[in-house]
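Colleague: Take a look at the following structure, please.
The values are calculated or read from the model by the stated rules, or taken from the named source; none is laboratory data. The model shown is predicted, which means the values in this text are computed figures rather than measured ones. Reconstructed Cβ throughout: ideal geometry from the backbone, glycine too, with neighbour counts over all protein chains shown.
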Amino acid sequence: MKRVYLLTSVLLSGLTLNAQKVENIVSVPQSRNTFSVAQTAKQNNSNVAKAQGDVLWQNGFETPSEWLYSGGPNQSAGSLGQWSVISTFPTSLATQSANGYNFPTSLGSTGNKYAFINSDEAGGTGVQDAYFQFQNNIDLSATPSGTGLYLEFDNIYRHFQETFSVEVSIDGGANWIIFPVNAEVAVNTNSGNPEHEIVNVTTANLAGSATVSVRLHYVGAWDWFWGVDDIKITEAWANDGLMLSSTMGTDAATTQGADYYLIPTSQVSFPGQVFRSVALNNGTATQANARTKASCSAASYNATSGAGIVHGNAFAMGDVDTFDITTPFNTTTAGTYNVIVSTDLGVTDSHTANDTTSFRGIVIGGNDYGRDNGVMTSTLTTFSGTGNEIVAWYNYMNIFDTMMVGSVKTFIPKSQSTGYTTDFVHASVERYDGTTWTEVMATVGIDLTAADIATNAGSAKGYWLTLNSETGITALDPALYRVMFYRLDNTTNTLRLAMAQASPDGTVAGLKADGSGTSIGLSSPNAIMIRLSADYTGGLNENTFVNNVSVYPNPAVTVANVSFNLKNTANVEISVTDVAGKVVYTNSLTNASAGTQKVAINTESLNNGIYMVNIISNGSKTTEKFVVKK
Ligand SMILES: [Ca+2]
Ligand SMILES: [Ca+2]
């Protein structure tokens, strides 16, 4: 299933690594001033539920006629991608799991009915702005006005760019109060299987109304699906902290910066990683001691945040706040670690299932240095360009101690867009000096065929491709780098790249697909699965006969001088190809001598654009890119 990413046109500076992350926009209404807890009145009313958590109304979609579908452009009853009551997860979605998506599917898996909207079913031109409304008034007149209330339900989804909300009314549907849900979830994230939601709707003042209405609302366009079951209205707890999201980063001053899942032995000065959490007070009581905590039992790590940045020690119902844990997680003991970050109200939390986020699989002490957690969550296909352009995707990475780098590794997904045949791929590393980026290491390139991918991936979702440094082991000194992976963007059969967990904004990016070298940021910044590695395995990628290839001037105007080092006397074939693979220049050197060789290529007849010079000797190919610009 093709997923085209929208890309921002914002230029990234080298300093984006330390840019402040925009705080999550959380959408819970905060008009708590209109609310007063009527605990005393509730206790004295024998006709209503008295305990927190008691159910006042519930519905499991077992009688579909109780629910009415309505609305949406491109929508009518009976069309694709509408709300309906089903009992079996759609086959068309289930088969997507073969691509690594592994959808949550257990909602209603025992055969009972549930509400479902299948945005994917309507395809890339479908649009949903669709409601699913309970047809009867819900009578909460016996519940004392002011009672804290939740709207709870189970749901399954894979979040892309849609919005979900539950909406309630106290006047039979004349006016609605909107409660967005799952707004904090990162793109390309699956829900639990199922996942239980508890939405504090106290501010809607449902208690005391005999004409309460409830509806579900989905706005999307080719955005996977949403399933809902066992919706109910319950009495709210006094104490319930809810973790919305957490991020990990190496900048202790801001608790942001790049996150790393693989920290190699070379990085002895690695500063460790701190955490920022965004949490919601989902209970009715104002909390005076709300914090978040981080722990990793394997590393004896325990750290506590300060009070919330905005609300401090007056964290009231509906408040969302940011909690910074500034004590770094860092250990010198090699191993794999899982850090858990949790809300902590300072009093007993009535519902602990929504308290935590986790950072699983942090590997300390290997050869690889990487941003991704190794779990492919999505694939990146084409992006806006005219086609047939070399593009690069990259991670920003800080090197803290000199690292001997032998290769760049990239995870190659097994699933490919229809018609994929071959892309020429290679990687490079660029160093930032505070002003400009300079290439300091390049790998050999290979023609990656569909057969290569199928063979190497086998029955797995993909495999790690190792591209060895052109010049053997390269020392990278402490600085900011970007680790780049290049492939052809030809819009129809492009190699897909793999992405893992959501990552802080601006720390993964790419070059625009027009050869201009302009950086672009992903609107969905999941970590691209590209790593530096100390490994240098040699083998098929290695070209020991030709190294130190350079092209100058670059960009070239009328001539491109190609210089390279030859290990022994050899025959050499030189060719230049354009981005479409068309050969525009060839040259043969017979018994060229060992040492530095230089060839001048006339570029006067070449159009502006990106070209690859290919040097083949003793059966190995080395490639360098250059630009013609007149
Ligand atoms: Ca049901
Ligand atoms: Ca909780």
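Colleague: Within the bounds of region 200-214, is there any residue that is free of Cβ contacts under 8 Å to residues at least 60 places away in the same chain and within 24 Å of Tyr101 (Cα to Cα)?
Modeller: no
Colleague: Let me ask another. Quick check: is even one residue across region 325-340 aromatic (Phe, Trp, Tyr), touching a Leu at 6+ places or on another chain (Cβ under 9 Å), outside any loop (DSSP other than H, G, I, E, B) and buried (at least 20 other Cβ atoms within 10 Å of the Cβ)? Steps first, please.
Modeller: Pass one, region 325-340, residues aromatic (Phe, Trp, Tyr): 329, 337.
Checking which are touching a Leu at 6+ places or on another chain (Cβ under 9 Å) leaves us with none.
Looking through region 325-340, none of the residues is aromatic (Phe, Trp, Tyr), touching a Leu at 6+ places or on another chain (Cβ under 9 Å), outside any loop (DSSP other than H, G, I, E, B) and buried (at least 20 other Cβ atoms within 10 Å of the Cβ).
Colleague: Additional query: Considering Thr410, Thr402, which residue is modelled with pLDDT of 90 or more, surrounded by 22 or more Cβ atoms within 10 Å (Cβ to Cβ) and of a type in the set (Ser, Thr, Tyr)? Before you say what the answer is, go through the steps one by one.
Modeller: Details: Thr402 fails: surrounded by 22 or more Cβ atoms within 10 Å (Cβ to Cβ).
That would be Thr410, the only listed residue that is modelled with pLDDT of 90 or more, surrounded by 22 or more Cβ atoms within 10 Å (Cβ to Cβ) and of a type in the set (Ser, Thr, Tyr).
Colleague: Among the residues of region 270-290, write down those that are within 15 Å of ligand 2 (Cβ to nearest atom) and either free of Cβ contacts under 8 Å to residues at least 12 places away in the same chain or β-branched (Val, Ile, Thr) (or both). If you could, list the steps in order and put the result at the bottom.
Modeller: In the first step, residues of region 270-290 are kept if they are within 15 Å of ligand 2 (Cβ to nearest atom); the result is 277-285, 287, 289-290.
Result: Val278, Thr284.
Colleague: Inside region 166-237, counting only strands (runs of 3 or more DSSP E) that do not spill past its ends, which hold 1 or more residues that are surrounded by fewer than 19 Cβ atoms within 10 Å (Cβ to Cβ) and among the charged types (D, E, K, R)?
Modeller: The qualifying strands (runs of 3 or more DSSP E) are 195-200, 225-235.
Colleague: Residues Val599, Val572, Val613: which one is closer than 19 Å to Thr422 by Cβ and part of a strand (DSSP E or B)?
Modeller: On the way: Val599 fails: closer than 19 Å to Thr422 by Cβ; Val572 fails: closer than 19 Å to Thr422 by Cβ.
It is Val613.
Colleague: Can you tell me which of Gly370, Gly361 is under 22 Å from the mean Cα position of the chain (by Cα) and buried (at least 22 other Cβ atoms within 10 Å of the Cβ)?
Modeller: Working: Gly361 fails: buried (at least 22 other Cβ atoms within 10 Å of the Cβ).
The conditions single out Gly370.
Colleague: To continue, here is another question. Looking at region 286-324, which of the residues that are at pLDDT below 95 and on the phi < 0 side of the Ramachandran plot is surrounded by the fewest Cβ atoms within 10 Å (Cβ to Cβ)?
Modeller: Going through the qualifying residues, I end up with Ser297.
Colleague: Another question, if that's okay. Can you tell me which residue in region 245-269 is nearest to ligand 2 (Cβ to nearest atom), limited to those that are assigned to a strand (DSSP E or B), crowded, with 22+ Cβ neighbours inside 10 Å and not β-branched (Val, Ile, Thr)?
Modeller: As a first pass, look at region 245-269 and keep what is assigned to a strand (DSSP E or B): 245-249, 251, 256, 262-264.
Filter once more, so that each one left must be crowded, with 22+ Cβ neighbours inside 10 Å: 246-249, 256, 262-264.
Now drop any that are not not β-branched (Val, Ile, Thr), which leaves 246, 248-249, 256, 262, 264.
Numbers: Ser246: 14, Met248: 21, Gly249: 25, Gln256: 25, Leu262: 32, Pro264: 37 Å.
Per the criteria, the residue is Ser246.
Colleague: What number of residues within region 233-258 are over 21 Å from Asp355 (Cβ atoms) and touching a residue at least 12 places away in the same chain (Cβ under 8 Å)? Please lay out each step first, then the result.
Modeller: Here is the first cut: in region 233-258, the ones over 21 Å from Asp355 (Cβ atoms) are 233, 249-254, 256-258.
From the residues that got through so far, the ones that are touching a residue at least 12 places away in the same chain (Cβ under 8 Å) too are 233, 249-252, 254, 256-258.
Of the residues in that region, 9 qualify.
Colleague: Report yes if Gly108 is crowded, with 18+ Cβ neighbours inside 10 Å, more than 21 Å from Asn188 (Cα to Cα) and within 16 Å of ligand 2 (Cβ to nearest atom), otherwise no. Steps first, please.
Modeller: On the way: crowded, with 18+ Cβ neighbours inside 10 Å: yes; more than 21 Å from Asn188 (Cα to Cα): yes; within 16 Å of ligand 2 (Cβ to nearest atom): no.
For Gly108, the condition - crowded, with 18+ Cβ neighbours inside 10 Å, more than 21 Å from Asn188 (Cα to Cα) and within 16 Å of ligand 2 (Cβ to nearest atom) - is not met.
Colleague: Another question about this same structure. Anything in region 415-436 that is closer than 20 Å to Asp489 by Cβ and in contact (Cβ under 8 Å) with a residue 60 or more places away in the chain? List them, or say none.
Modeller: Of the residues in region 415-436, the ones closer than 20 Å to Asp489 by Cβ are 415-428, 430.
Matches in region 415-436: Ser415, Gln416, Ser417, Thr418, Gly419, Tyr420, Thr421, Asp423, Phe424, Val425, His426, Ala427.
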